[in-house]
Amino acid sequence: MLPTLLSIALLHWLVLITPGANVLLVSQLAASGHRRSALYASLGISFVAVIWALLAILGVNALFAAHPAVRLALQIAGALYLGYVAVRLWRSGASASESVAVHLQAWAAFRLGFITNLLNPKSALFFGSVFATALPAEHSPGLLAASIALVFANALAWHTFLALAFSRPAVQFAYSRNRQLLNRLASGVVGAFGLRLLVSAVAEVRSRQV
């Protein structure tokens, strides 16, 4: 069991530390002075990691392979959602008194993290690949439970660390001095993630029509 869990942990951490929409969301919330919101967003992201892990075990990759339109629809929805977040970030950069993180209550922050990670088909593909590769052909319920618990612990630990690190006074001071620039940079990065998802979906649709 231990070698399997170590393999899953290593692969998962390599993906977690790669900058993406989840990392950007938590760090931006924390740096803008909303550590509590960042922590709840981290919890939402971590819950979705568990959902994708469960779906991977249940064979979501097989579903995507049998019905590519489902994956494409999810990918397009994710791209549009990231575009929406990018627009909000850009607009919040226009004024220091406005921020995408302002007035985010616990449930709203949790939901934002939840949706951001949910509308990411690459998470499903990642977990599907990891569990297909790392799990032995004959695996016990105990191993599956331990794997899912490990995924949740990894995701929560990483994003909680980001929330605490980016909410430090020095980071918040630097953010407050450069709020407009940083929000618009974040907007560009989020928009690029969304655009890449959309371009990938369009390219796949065109390839099927040829």
Matching residues, the range 17-27, being modelled with pLDDT under 85 and either open to solvent by less than 20 Å² (accessible area, probe 1.4 Å) or not in a helix (DSSP H, G or I) (or both): Ile17, Thr18, Pro19, Gly20
query: Can you tell me how many residues in the range 36-86 are open to solvent by 60 Å² or more (accessible area, probe 1.4 Å), touching a Phe, Trp or Tyr at 6+ places or on another chain (Cβ under 8 Å) and modelled with pLDDT of 75 or more?
result: 3
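The values are calculated or read from the model by the stated rules, or taken from the named source; none is laboratory data. Source: prediction; values computed, not measured. Glycine gets a Cβ as well: all are built from the backbone with ideal geometry, and neighbour counts include every protein chain shown. Quick note on the areas: whole protein, heavy atoms, side chains included, nothing else; ligands and nucleic acids left out. Shrake-Rupley method; radii C 1.70, N 1.55, O 1.52, S 1.80 Å.
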